[in-house]
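Just below is one structure, and these are the notes that go with it.
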Amino acid sequence: MDYSFANPQFFWLFIAFAAAVAWYVWRHNRLNAHIQVASVEGLKGVRTARPMLRHGLFVLRMTAFALIIVVLARPQLSDNWESTTTEGIDIMMVLDISGSMLAQDLKPDRLEAAKNISTQFIAGRQNDRIGLVIFSGESFTQCPLTTNHTALINLLGSVKSGMIEDGTAIGLGLATAVNRIKDSDAHSRVIILLTDGVNNRGAIDPMTAAEIAKTFGIRVYTIGIGTRGMAPYPVRTPFGIQYQNIEADIDEPLLIEIAKMTDGQYFAANDNDALIKVYEEIDMLEKSKISVHEHHKKSEEYLKFALVAALLLMLEILLRYTLLRNVP
(Lines give C-alpha, C1' and ligand atoms only; values in the text may rest on other atoms or scores of the structure.)
Protein backbone atom coordinates (compact mmCIF):
# COMPACT_ATOMS: atom_id res chain seq x y z
CA MET A 1 0.00 0.00 0.00
CA ASP A 2 1.27 3.48 -0.93
CA TYR A 3 0.54 7.06 0.03
CA SER A 4 -0.46 9.46 -2.71
CA PHE A 5 -1.71 13.05 -2.69
CA ALA A 6 -4.79 14.28 -4.55
CA ASN A 7 -3.65 17.96 -4.47
CA PRO A 8 0.18 17.94 -4.41
CA GLN A 9 0.30 21.57 -5.63
CA PHE A 10 -0.33 22.70 -2.05
CA PHE A 11 3.19 21.58 -1.12
CA TRP A 12 4.38 24.86 -2.66
CA LEU A 13 3.14 26.42 0.60
CA PHE A 14 6.25 25.00 2.26
CA ILE A 15 8.10 27.94 0.64
CA ALA A 16 6.04 30.22 2.89
CA PHE A 17 6.75 27.81 5.77
CA ALA A 18 10.51 28.14 5.25
CA ALA A 19 10.21 31.93 4.90
CA ALA A 20 8.32 32.16 8.20
CA VAL A 21 10.99 30.15 10.01
CA ALA A 22 13.78 32.28 8.52
CA TRP A 23 11.96 35.50 9.47
CA TYR A 24 11.46 34.27 13.05
CA VAL A 25 15.16 33.43 13.48
CA TRP A 26 16.24 36.77 11.96
CA ARG A 27 13.81 38.74 14.14
CA HIS A 28 14.91 36.90 17.30
CA ASN A 29 18.59 37.60 16.63
CA ARG A 30 17.90 41.28 15.84
CA LEU A 31 15.77 42.05 18.88
CA ASN A 32 17.94 40.34 21.49
CA ALA A 33 21.02 42.26 22.69
CA HIS A 34 24.27 40.52 23.67
CA ILE A 35 26.12 41.45 26.87
CA GLN A 36 29.73 40.53 27.51
CA VAL A 37 30.64 39.75 31.12
CA ALA A 38 33.81 38.52 32.73
CA SER A 39 32.11 35.79 34.72
CA VAL A 40 28.65 34.24 34.98
CA GLU A 41 29.13 33.22 38.58
CA GLY A 42 26.89 36.00 39.81
CA LEU A 43 24.09 35.02 37.43
CA LYS A 44 23.73 31.48 38.73
CA GLY A 45 20.28 30.94 40.10
CA VAL A 46 18.91 33.71 37.89
CA ARG A 47 18.75 31.59 34.71
CA THR A 48 15.41 29.93 33.93
CA ALA A 49 14.09 27.77 31.13
CA ARG A 50 10.79 29.63 30.87
CA PRO A 51 12.00 32.31 28.42
CA MET A 52 13.22 29.54 26.13
CA LEU A 53 9.76 28.02 26.09
CA ARG A 54 8.48 30.91 23.98
CA HIS A 55 10.29 29.23 21.10
CA GLY A 56 8.21 26.13 21.81
CA LEU A 57 5.08 28.14 21.01
CA PHE A 58 6.49 28.95 17.58
CA VAL A 59 7.44 25.32 17.02
CA LEU A 60 3.90 24.20 17.88
CA ARG A 61 2.38 26.77 15.54
CA MET A 62 4.68 25.94 12.63
CA THR A 63 4.24 22.20 13.10
CA ALA A 64 0.47 22.74 12.92
CA PHE A 65 1.00 24.85 9.78
CA ALA A 66 2.99 22.03 8.16
CA LEU A 67 0.26 19.52 8.99
CA ILE A 68 -2.40 21.84 7.53
CA ILE A 69 -0.42 21.89 4.27
CA VAL A 70 -0.46 18.09 4.27
CA VAL A 71 -4.24 18.14 4.89
CA LEU A 72 -4.75 20.48 1.92
CA ALA A 73 -2.70 18.11 -0.25
CA ARG A 74 -5.23 15.33 0.67
CA PRO A 75 -3.11 12.26 1.49
CA GLN A 76 -4.67 8.99 0.29
CA LEU A 77 -3.80 5.38 0.97
CA SER A 78 -4.18 3.01 -1.96
CA ASP A 79 -3.16 -0.40 -3.23
CA ASN A 80 -1.28 -0.90 -6.46
CA TRP A 81 -3.02 -1.91 -9.66
CA GLU A 82 -3.12 -5.65 -9.96
CA SER A 83 -4.09 -8.11 -12.66
CA THR A 84 -6.66 -10.73 -11.69
CA THR A 85 -8.51 -13.51 -13.43
CA THR A 86 -12.28 -13.65 -13.12
CA GLU A 87 -15.25 -15.14 -14.91
CA GLY A 88 -17.40 -13.12 -17.28
CA ILE A 89 -19.23 -13.26 -20.60
CA ASP A 90 -21.71 -11.21 -22.61
CA ILE A 91 -25.32 -12.36 -22.34
CA MET A 92 -28.45 -11.11 -24.08
CA MET A 93 -31.69 -12.24 -22.47
CA VAL A 94 -34.69 -12.48 -24.84
CA LEU A 95 -38.05 -12.51 -23.05
CA ASP A 96 -41.45 -13.32 -24.54
CA ILE A 97 -44.08 -10.88 -23.17
CA SER A 98 -47.04 -12.04 -25.29
CA GLY A 99 -50.51 -12.35 -23.72
CA SER A 100 -50.14 -16.10 -23.16
CA MET A 101 -47.31 -15.36 -20.69
CA LEU A 102 -50.04 -14.31 -18.23
CA ALA A 103 -51.10 -17.95 -17.81
CA GLN A 104 -50.87 -18.95 -14.16
CA ASP A 105 -49.42 -22.45 -14.29
CA LEU A 106 -46.27 -20.77 -12.90
CA LYS A 107 -46.73 -18.45 -9.93
CA PRO A 108 -47.84 -15.74 -9.91
CA ASP A 109 -47.85 -16.15 -13.71
CA ARG A 110 -45.36 -17.15 -16.41
CA LEU A 111 -44.11 -13.62 -17.06
CA GLU A 112 -43.62 -12.64 -13.42
CA ALA A 113 -41.97 -15.98 -12.63
CA ALA A 114 -39.57 -15.48 -15.55
CA LYS A 115 -38.79 -11.92 -14.41
CA ASN A 116 -38.21 -12.93 -10.78
CA ILE A 117 -35.94 -15.86 -11.59
CA SER A 118 -34.09 -13.89 -14.30
CA THR A 119 -33.43 -11.19 -11.69
CA GLN A 120 -31.78 -13.76 -9.42
CA PHE A 121 -29.69 -14.98 -12.37
CA ILE A 122 -28.55 -11.42 -13.19
CA ALA A 123 -27.65 -10.70 -9.55
CA GLY A 124 -25.42 -13.77 -9.49
CA ARG A 125 -23.42 -12.78 -12.60
CA GLN A 126 -21.51 -9.78 -11.25
CA ASN A 127 -18.70 -9.92 -13.80
CA ASP A 128 -20.89 -10.24 -16.91
CA ARG A 129 -22.31 -7.69 -19.28
CA ILE A 130 -25.99 -8.51 -19.66
CA GLY A 131 -28.70 -6.98 -21.85
CA LEU A 132 -32.43 -7.50 -22.38
CA VAL A 133 -34.63 -7.82 -25.48
CA ILE A 134 -38.40 -8.21 -25.16
CA PHE A 135 -40.77 -9.39 -27.86
CA SER A 136 -44.34 -10.32 -28.65
CA GLY A 137 -45.70 -9.31 -32.08
CA GLU A 138 -42.67 -6.98 -32.38
CA SER A 139 -39.37 -6.71 -30.52
CA PHE A 140 -37.11 -4.03 -29.10
CA THR A 141 -34.10 -3.68 -26.83
CA GLN A 142 -35.19 -2.92 -23.29
CA CYS A 143 -31.57 -2.65 -22.12
CA PRO A 144 -28.28 -2.91 -24.09
CA LEU A 145 -25.34 -4.88 -22.75
CA THR A 146 -24.30 -3.36 -19.43
CA THR A 147 -22.48 -4.08 -16.19
CA ASN A 148 -24.93 -1.81 -14.36
CA HIS A 149 -27.05 -4.69 -13.12
CA THR A 150 -29.12 -2.46 -10.85
CA ALA A 151 -30.37 -0.48 -13.85
CA LEU A 152 -30.96 -3.69 -15.81
CA ILE A 153 -32.99 -5.23 -12.98
CA ASN A 154 -35.09 -2.06 -12.70
CA LEU A 155 -35.81 -2.15 -16.43
CA LEU A 156 -36.66 -5.83 -16.25
CA GLY A 157 -39.04 -5.15 -13.36
CA SER A 158 -40.92 -2.58 -15.44
CA VAL A 159 -41.66 -5.05 -18.25
CA LYS A 160 -45.36 -5.86 -18.68
CA SER A 161 -47.43 -7.82 -21.15
CA GLY A 162 -49.15 -5.48 -23.59
CA MET A 163 -46.23 -3.03 -23.87
CA ILE A 164 -46.07 -3.83 -27.58
CA GLU A 165 -48.41 -5.40 -30.14
CA ASP A 166 -49.42 -8.93 -29.21
CA GLY A 167 -48.23 -12.04 -31.01
CA THR A 168 -45.14 -14.26 -30.89
CA ALA A 169 -42.30 -13.10 -33.15
CA ILE A 170 -39.57 -15.49 -31.99
CA GLY A 171 -37.40 -14.90 -35.06
CA LEU A 172 -37.59 -11.12 -34.68
CA GLY A 173 -36.72 -11.27 -30.98
CA LEU A 174 -33.74 -13.53 -31.64
CA ALA A 175 -32.53 -11.38 -34.55
CA THR A 176 -32.69 -8.23 -32.40
CA ALA A 177 -30.56 -9.90 -29.72
CA VAL A 178 -28.04 -11.12 -32.34
CA ASN A 179 -27.73 -7.60 -33.69
CA ARG A 180 -27.05 -6.28 -30.17
CA ILE A 181 -24.35 -8.81 -29.29
CA LYS A 182 -22.66 -9.64 -32.61
CA ASP A 183 -20.06 -6.84 -32.35
CA SER A 184 -19.04 -7.77 -28.81
CA ASP A 185 -15.37 -8.70 -28.40
CA ALA A 186 -16.10 -10.94 -25.41
CA HIS A 187 -14.58 -14.40 -25.39
CA SER A 188 -18.05 -15.92 -25.03
CA ARG A 189 -21.35 -14.50 -26.36
CA VAL A 190 -24.63 -16.05 -25.30
CA ILE A 191 -28.35 -15.52 -25.90
CA ILE A 192 -31.00 -16.92 -23.54
CA LEU A 193 -34.35 -17.10 -25.36
CA LEU A 194 -37.46 -17.73 -23.25
CA THR A 195 -40.90 -18.23 -24.84
CA ASP A 196 -44.15 -20.15 -24.32
CA GLY A 197 -45.49 -20.12 -27.85
CA VAL A 198 -45.19 -20.70 -31.59
CA ASN A 199 -43.72 -18.17 -34.00
CA ASN A 200 -46.68 -16.44 -35.70
CA ARG A 201 -45.49 -12.89 -36.35
CA GLY A 202 -42.47 -11.00 -37.65
CA ALA A 203 -40.64 -10.75 -40.95
CA ILE A 204 -37.68 -12.89 -39.85
CA ASP A 205 -37.91 -16.66 -39.68
CA PRO A 206 -36.54 -18.10 -36.42
CA MET A 207 -34.18 -20.49 -38.22
CA THR A 208 -32.81 -17.64 -40.31
CA ALA A 209 -32.06 -15.72 -37.11
CA ALA A 210 -30.44 -18.88 -35.69
CA GLU A 211 -28.22 -19.20 -38.76
CA ILE A 212 -27.08 -15.58 -38.30
CA ALA A 213 -26.29 -16.33 -34.66
CA LYS A 214 -24.26 -19.36 -35.71
CA THR A 215 -22.35 -17.26 -38.27
CA PHE A 216 -21.23 -14.89 -35.51
CA GLY A 217 -20.38 -17.71 -33.09
CA ILE A 218 -23.20 -16.83 -30.72
CA ARG A 219 -24.56 -19.66 -28.57
CA VAL A 220 -28.33 -19.72 -27.99
CA TYR A 221 -29.98 -21.40 -25.01
CA THR A 222 -33.72 -21.79 -25.50
CA ILE A 223 -36.30 -22.21 -22.74
CA GLY A 224 -39.87 -23.40 -23.29
CA ILE A 225 -41.91 -22.17 -20.32
CA GLY A 226 -45.32 -23.57 -19.33
CA THR A 227 -47.00 -26.85 -18.42
CA ARG A 228 -47.79 -29.50 -20.97
CA GLY A 229 -51.58 -29.47 -21.13
CA MET A 230 -54.11 -26.92 -19.90
CA ALA A 231 -53.24 -23.81 -17.89
CA PRO A 232 -55.47 -21.14 -16.23
CA TYR A 233 -55.50 -17.86 -18.15
CA PRO A 234 -57.10 -14.58 -16.95
CA VAL A 235 -59.81 -13.15 -19.23
CA ARG A 236 -61.39 -9.74 -18.72
CA THR A 237 -65.22 -9.89 -18.78
CA PRO A 238 -68.06 -7.48 -17.86
CA PHE A 239 -68.14 -9.31 -14.54
CA GLY A 240 -64.43 -8.83 -13.83
CA ILE A 241 -61.48 -11.13 -14.37
CA GLN A 242 -62.47 -14.71 -15.10
CA TYR A 243 -60.18 -17.66 -15.67
CA GLN A 244 -60.33 -20.14 -18.50
CA ASN A 245 -58.03 -22.98 -19.35
CA ILE A 246 -55.82 -22.63 -22.41
CA GLU A 247 -53.61 -25.30 -23.92
CA ALA A 248 -49.86 -24.82 -23.88
CA ASP A 249 -48.63 -24.55 -27.44
CA ILE A 250 -44.83 -24.49 -27.31
CA ASP A 251 -42.92 -25.18 -30.52
CA GLU A 252 -40.37 -27.44 -28.86
CA PRO A 253 -38.94 -28.85 -32.12
CA LEU A 254 -38.12 -25.29 -33.24
CA LEU A 255 -36.49 -24.36 -29.93
CA ILE A 256 -34.49 -27.59 -29.92
CA GLU A 257 -33.27 -26.95 -33.47
CA ILE A 258 -32.24 -23.36 -32.69
CA ALA A 259 -30.22 -24.53 -29.70
CA LYS A 260 -28.65 -27.41 -31.62
CA MET A 261 -27.65 -25.22 -34.57
CA THR A 262 -25.88 -22.69 -32.32
CA ASP A 263 -24.22 -25.23 -30.02
CA GLY A 264 -26.58 -24.34 -27.16
CA GLN A 265 -29.19 -26.36 -25.28
CA TYR A 266 -32.96 -26.50 -24.97
CA PHE A 267 -34.64 -26.56 -21.55
CA ALA A 268 -38.25 -27.17 -20.59
CA ALA A 269 -39.61 -25.35 -17.53
CA ASN A 270 -43.11 -26.38 -16.49
CA ASP A 271 -43.03 -24.83 -12.99
CA ASN A 272 -41.08 -22.34 -10.90
CA ASP A 273 -38.65 -24.90 -9.49
CA ALA A 274 -37.87 -26.22 -12.96
CA LEU A 275 -37.20 -22.69 -14.23
CA ILE A 276 -34.85 -22.03 -11.31
CA LYS A 277 -32.93 -25.21 -12.15
CA VAL A 278 -32.74 -24.18 -15.81
CA TYR A 279 -31.03 -20.90 -14.95
CA GLU A 280 -28.76 -22.66 -12.46
CA GLU A 281 -27.68 -25.08 -15.17
CA ILE A 282 -27.04 -22.29 -17.66
CA ASP A 283 -25.07 -20.48 -14.96
CA MET A 284 -22.87 -23.55 -14.52
CA LEU A 285 -22.44 -24.07 -18.27
CA GLU A 286 -21.38 -20.49 -18.98
CA LYS A 287 -18.17 -19.93 -17.08
CA SER A 288 -15.33 -18.36 -19.06
CA LYS A 289 -12.17 -16.90 -17.58
CA ILE A 290 -11.15 -13.38 -18.58
CA SER A 291 -8.30 -11.17 -17.41
CA VAL A 292 -9.22 -7.87 -15.80
CA HIS A 293 -7.36 -5.06 -14.02
CA GLU A 294 -8.62 -4.19 -10.60
CA HIS A 295 -7.82 -1.40 -8.18
CA HIS A 296 -9.15 -1.00 -4.68
CA LYS A 297 -10.73 2.30 -3.71
CA LYS A 298 -8.47 4.95 -2.23
CA SER A 299 -9.05 5.87 1.39
CA GLU A 300 -8.73 9.48 2.55
CA GLU A 301 -6.09 9.91 5.27
CA TYR A 302 -6.21 13.68 5.87
CA LEU A 303 -8.40 13.49 8.98
CA LYS A 304 -5.69 12.28 11.36
CA PHE A 305 -3.32 15.04 10.20
CA ALA A 306 -6.09 17.62 10.70
CA LEU A 307 -6.77 16.35 14.22
CA VAL A 308 -3.10 16.58 15.22
CA ALA A 309 -2.87 20.09 13.75
CA ALA A 310 -5.93 21.18 15.71
CA LEU A 311 -4.53 19.73 18.94
CA LEU A 312 -1.20 21.53 18.45
CA LEU A 313 -2.93 24.87 17.82
CA MET A 314 -5.09 24.41 20.91
CA LEU A 315 -2.01 23.55 22.98
CA GLU A 316 -0.18 26.63 21.69
CA ILE A 317 -3.12 28.90 22.57
CA LEU A 318 -3.50 27.28 25.99
CA LEU A 319 0.18 27.71 26.88
CA ARG A 320 0.30 31.28 25.51
CA TYR A 321 -2.53 32.48 27.77
CA THR A 322 -1.75 30.40 30.87
CA LEU A 323 1.72 29.13 31.81
CA LEU A 324 3.62 31.34 29.36
CA ARG A 325 1.42 34.41 29.60
CA ASN A 326 4.12 36.60 31.15
CA VAL A 327 7.11 35.14 29.36
CA PRO A 328 8.85 37.86 27.30
Inset, instruction - Inspect region 127-142 for any residue being of a type in the set (Ser, Thr, Tyr), modelled with pLDDT of 95 or more and farther than 23 Å from ASP283 by Cα and give the result as yes or no. - result: yes
Inset, instruction - Starting from region 89-102, keep only residues that are closer than 29 Å to VAL235 by Cβ, then list their pairs with residues that are part of a helix (DSSP H, G or I) and of a type outside the set (Lys, Arg) whose Cβ atoms are within a distance under 6 Å, requiring at least 6 positions of separation or different chains. - result: VAL94/GLY173; VAL94/ALA177; MET101/LEU111
Inset, instruction - Scan region 162-197 for residues that are in a loop (DSSP other than H, G, I, E, B) and without any contact (Cβ under 8 Å) to a residue 12 or more places away in the chain and jot them down. - result: ASP183, ASP185
Inset, instruction - Please find, within region 190-222, the residue that is nearest to ASP283 (Cα to Cα) out of those that are modelled with pLDDT under 95 and either under 27 Å from the mean Cα position of the chain (by Cα) or among the charged types (D, E, K, R) (or both). - result: ASP196
Legend entry - Selected residue [at positive phi and out of contact with any Leu (no Cβ under 9 Å at 6 or more places or on another chain)] from GLY124, GLY171, GLY99, GLY167: GLY167
Legend entry - Restricting region 190-205 to residues that are more than 11 Å from GLY264 (Cα to Cα) and touching an Asp or Glu at 6+ places or on another chain (Cβ under 7 Å), the residue that is surrounded by the fewest Cβ atoms within 10 Å (Cβ to Cβ): VAL198
Inset, instruction - Only residues that are among the β-branched types (Val, Ile, Thr), in contact (Cβ under 8 Å) with a residue 40 or more places away in the chain and not in a loop (DSSP other than H, G, I, E, B): list them for region 202-228, please. - result: VAL220, THR222, ILE223, ILE225
Inset, instruction - Of all residues in region 216-258, count the ones that are over 24 Å from TYR279 (Cα atoms) and out of contact with any helix residue (DSSP H, G or I) (no Cβ under 9 Å at 6 or more places or on another chain). - result: 14
Inset, instruction - Could you list, in sequence order, all residues of region 113-148 that are in contact (Cβ under 8 Å) with a residue 12 or more places away in the chain, surrounded by fewer than 18 Cβ atoms within 10 Å (Cβ to Cβ) and more than 19 Å from LEU275 (Cα to Cα)? - result: GLN126, ASN127, GLY137, GLU138, PHE140, THR141, PRO144, THR146, THR147
Inset, instruction - Take THR168 and decide whether it is β-branched (Val, Ile, Thr) and over 27 Å from ASP251 (Cα atoms). - result: no
Inset, instruction - Report, by residue number, each residue of region 238-282 that is assigned to a loop (DSSP other than H, G, I, E, B) and surrounded by 17 or more Cβ atoms within 10 Å (Cβ to Cβ). - result: ALA248, ILE250, ASP251, THR262, GLY264, GLN265, ASN270
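The values are calculated or read from the model by the stated rules, or taken from the named source; none is laboratory data. Fair warning: this is a prediction, and the values are worked out from it, not measured in the lab. Note that we place each Cβ from the backbone using ideal geometry, even for glycine, and neighbour counts take in every protein chain shown.
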